[in-house]
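Student: The structure is given below, and queries will be raised subsequently.
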Amino acid sequence: MAENYGNTHQEINELAKDGTISNDTAKKYSGGTARPVTGANLNSLADDPLFLLVLVDASGSMESCKDAVIQSHPIMLESLRGSAHARHNRLLVCQYLFNSASNNLHPFTPLLPNTTGCKVTILNNANYNPSGRTALYKTLHSGLQDLLVTLSYAKKGGLAPECIIALITDGEDTEGGFNPTDIRNLLQELREQSILKNSVLLGLLNKTLTQERLETIQKNLGFEASVNCTQASEKEIRKAFRLFSQSLVAGI
């Protein structure tokens, strides 16, 4: 059963009080209607948790590479299962899909070293059906809210949490609703606190998303690194997903 971590108003402001984030950043992420955030019980962890937030583009332009994404997603998870973090039972994953709206597949959930008993969702034809536009900023905002509440809950439990952010997309935001500068500022603050250990963008390049545009998105959002491949090659996409997953935990 999922634990109640608290709500987006109270817990995010707690992070400002303890100096994890600035008051201005707390206002950006705690405003609006407070919503509850849940996740796995952290009491059984043998080590401080490493939280991985994964956001996957499911907009209409991803339809052409739908099969490749479905084939590549378990390859990414399998690579992460082989990391020391998963073997030591400290890696917890939260996944979002996004098109015109945001879809939280599950809250922060342990990624077990094997698939038996693991409740981390694997993409398939039933849950991954690209359509609509690209609410990238709104989804990052929601996912980062979840992450902040989770960090606050872990810190209150005497843990020293760390986190990674992974974004997979083939295009730029089309829906607005949140300022990318506020995303970049939050990532920088978490980085300065030695909480954010990595942030990686996987860009599926096409006629619209060129390498230059990908680099601009990376810079605007404040991500540390990017990996790219052409959207037209299923083989290259699978290879890129594997490289992407390896780069997420490299050196951590």
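The values are calculated or read from the model by the stated rules, or taken from the named source; none is laboratory data. Since this is a predicted model, take the numbers as computed values, not measurements. Counting neighbours? That spans all protein chains shown, and the Cβs are built from the backbone with ideal geometry, glycine included.
Student: Would you check if Thr20 is within 17 Å of the chain's Cα centre (by Cα), farther than 25 Å from Glu175 by Cα, polar (S, T, N, Q) and not in a helix (DSSP H, G or I)?
Tutor: The answer is no for Thr20.
Student: Which of the numbered conditions does Ser247 fail, given that it passes all the others? Conditions: (1) part of a strand (DSSP E or B); (2) surrounded by fewer than 22 Cβ atoms within 10 Å (Cβ to Cβ); (3) of a type outside the set (Lys, Arg).
Tutor: Single failed check for Ser247: (1).
Student: Among the residues of segment 208-225, is any in contact (Cβ under 8 Å) with a residue 60 or more places away in the chain, in contact with a Lys or Arg (Cβ under 8 Å, 6 or more places away or on another chain) and either surrounded by 17 or more Cβ atoms within 10 Å (Cβ to Cβ) or at positive phi (or both)?
Tutor: Yes, there is a match, as at least one residue in segment 208-225 is in contact (Cβ under 8 Å) with a residue 60 or more places away in the chain, in contact with a Lys or Arg (Cβ under 8 Å, 6 or more places away or on another chain) and either surrounded by 17 or more Cβ atoms within 10 Å (Cβ to Cβ) or at positive phi (or both).
Student: Residue by residue through segment 150-173, note down the ones that are within 25 Å of Asp18 (Cβ to Cβ) and either in contact with a His (Cβ under 7 Å, 6 or more places away or on another chain) or assigned to a loop (DSSP other than H, G, I, E, B) (or both). Don't jump to the end; show me each part of the working.
Tutor: Residues of segment 150-173 that are within 25 Å of Asp18 (Cβ to Cβ), as a first pass: 150-165.
Matches in segment 150-173: Gly157, Gly158, Leu159, Ala160, Pro161.
Student: Leu147: assigned to a helix (DSSP H, G or I), buried (at least 16 other Cβ atoms within 10 Å of the Cβ) and touching a residue at least 12 places away in the same chain (Cβ under 8 Å), yes or no? Before you say what the answer is, go through the steps one by one.
Tutor: Values: assigned to a helix (DSSP H, G or I): yes; buried (at least 16 other Cβ atoms within 10 Å of the Cβ): yes; touching a residue at least 12 places away in the same chain (Cβ under 8 Å): yes.
It is true that Leu147 is assigned to a helix (DSSP H, G or I), buried (at least 16 other Cβ atoms within 10 Å of the Cβ) and touching a residue at least 12 places away in the same chain (Cβ under 8 Å).
Student: Name the pairs: first residue in segment 96-119 and among the aromatic types (Phe, Trp, Tyr) and surrounded by fewer than 17 Cβ atoms within 10 Å (Cβ to Cβ), second residue in a strand (DSSP E or B) and modelled with pLDDT under 95, Cβ to Cβ under 6 Å, at least 6 apart or on different chains?
Tutor: Sorted first by the residue in segment 96-119, then by its partner, the list stays empty.
Student: Follow-up question, since we're still on this one. For Leu92, work out the one condition from (1) closer than 20 Å to Pro36 by Cα; (2) surrounded by fewer than 22 Cβ atoms within 10 Å (Cβ to Cβ); (3) of a type outside the set (Gly, Ala, Ser) it doesn't fulfil.
Tutor: With respect to (1) closer than 20 Å to Pro36 by Cα; (2) surrounded by fewer than 22 Cβ atoms within 10 Å (Cβ to Cβ); (3) of a type outside the set (Gly, Ala, Ser), Leu92 is out only on (2).
Student: What residue, among those in segment 174-209 that are of a type outside the set (A, V, I, L, M, F, W, C), within 20 Å of Asp146 (Cα to Cα) and not in a helix (DSSP H, G or I), is nearest to the chain's Cα centre (by Cα)? Write out each step before concluding.
Tutor: The initial filter retains those residues of segment 174-209 that are of a type outside the set (A, V, I, L, M, F, W, C), namely 174-177, 179-182, 184-185, 188-189, 191-194, 197-199, 203, 206-208.
With within 20 Å of Asp146 (Cα to Cα) added as a condition, the list becomes 176-177, 179-182, 184-185, 188-189, 191-194, 197-199.
Applying the additional criterion that residues be not in a helix (DSSP H, G or I) yields 176-177, 179, 193-194, 197-199.
Working: Gly176: 18, Gly177: 18, Asn179: 17, Gln193: 19, Ser194: 17, Lys197: 13, Asn198: 11, Ser199: 9 Å.
Of everything passing the filter in segment 174-209, Ser199 is nearest to the chain's Cα centre (by Cα).
Student: Could you check segment 11-26 and list, in sequence order, the residues that are crowded, with 20+ Cβ neighbours inside 10 Å and in contact (Cβ under 8 Å) with a residue 24 or more places away in the chain?
Tutor: If the condition is that a residue be crowded, with 20+ Cβ neighbours inside 10 Å and in contact (Cβ under 8 Å) with a residue 24 or more places away in the chain, then Glu11, Ile12, Glu14, Leu15, Thr20, Ile21, Thr25 are the ones that fit.
Student: Next up: Filter segment 27-44 down to the residues that are surrounded by 13 or more Cβ atoms within 10 Å (Cβ to Cβ) and not in a helix (DSSP H, G or I) and list them by number.
Tutor: Just the residues of segment 27-44 that are surrounded by 13 or more Cβ atoms within 10 Å (Cβ to Cβ), to begin with: 27-30, 34, 37-40, 42.
Matches in segment 27-44: Ala34, Val37, Thr38, Gly39, Ala40, Leu42.
Student: May I pose another question? From Ser44, Ser64, Ser83, Ser79, which residue is out of contact with any helix residue (DSSP H, G or I) (no Cβ under 9 Å at 6 or more places or on another chain) and farther than 20 Å from Ala154 by Cα? Spell out the reasoning first.
Tutor: Working: Ser44 fails: farther than 20 Å from Ala154 by Cα; Ser83 fails: out of contact with any helix residue (DSSP H, G or I) (no Cβ under 9 Å at 6 or more places or on another chain); Ser79 fails: out of contact with any helix residue (DSSP H, G or I) (no Cβ under 9 Å at 6 or more places or on another chain).
Exactly one of Ser44, Ser64, Ser83, Ser79 is out of contact with any helix residue (DSSP H, G or I) (no Cβ under 9 Å at 6 or more places or on another chain) and farther than 20 Å from Ala154 by Cα, namely Ser64.
Student: Looking at segment 45-53, is at least one residue closer than 24 Å to Gly177 by Cα and surrounded by 13 or more Cβ atoms within 10 Å (Cβ to Cβ)? First the steps, then the outcome.
Tutor: Initial filter on segment 45-53 (closer than 24 Å to Gly177 by Cα): 52-53.
Next, only the ones that are surrounded by 13 or more Cβ atoms within 10 Å (Cβ to Cβ) stay: 52-53.
Within segment 45-53 (the criterion being closer than 24 Å to Gly177 by Cα and surrounded by 13 or more Cβ atoms within 10 Å (Cβ to Cβ)), the answer is yes, since at least one residue qualifies.
Student: If the Cβ limit is 6 Å and pairs must be 6+ apart or interchain, which residue in segment 51-63 that is touching a residue at least 60 places away in the same chain (Cβ under 8 Å) pairs with which residue that is among the hydrophobic types (A, V, I, L, M, F, W, C) and outside any strand (DSSP E or B)?
Tutor: Leu53/Leu147
Student: Residue by residue through segment 105-144, note down the ones that are at pLDDT 95 or above, farther than 17 Å from Val37 by Cβ and aliphatic (A, V, I, L, M).
Tutor: Leu111, Val120, Ile122, Leu123, Ala126, Ala135, Leu136, listed by residue number.
Student: Could you figure out which of (1) modelled with pLDDT under 95; (2) under 20 Å from Glu3 (Cβ atoms) isn't true of Ser152?
Tutor: (1)
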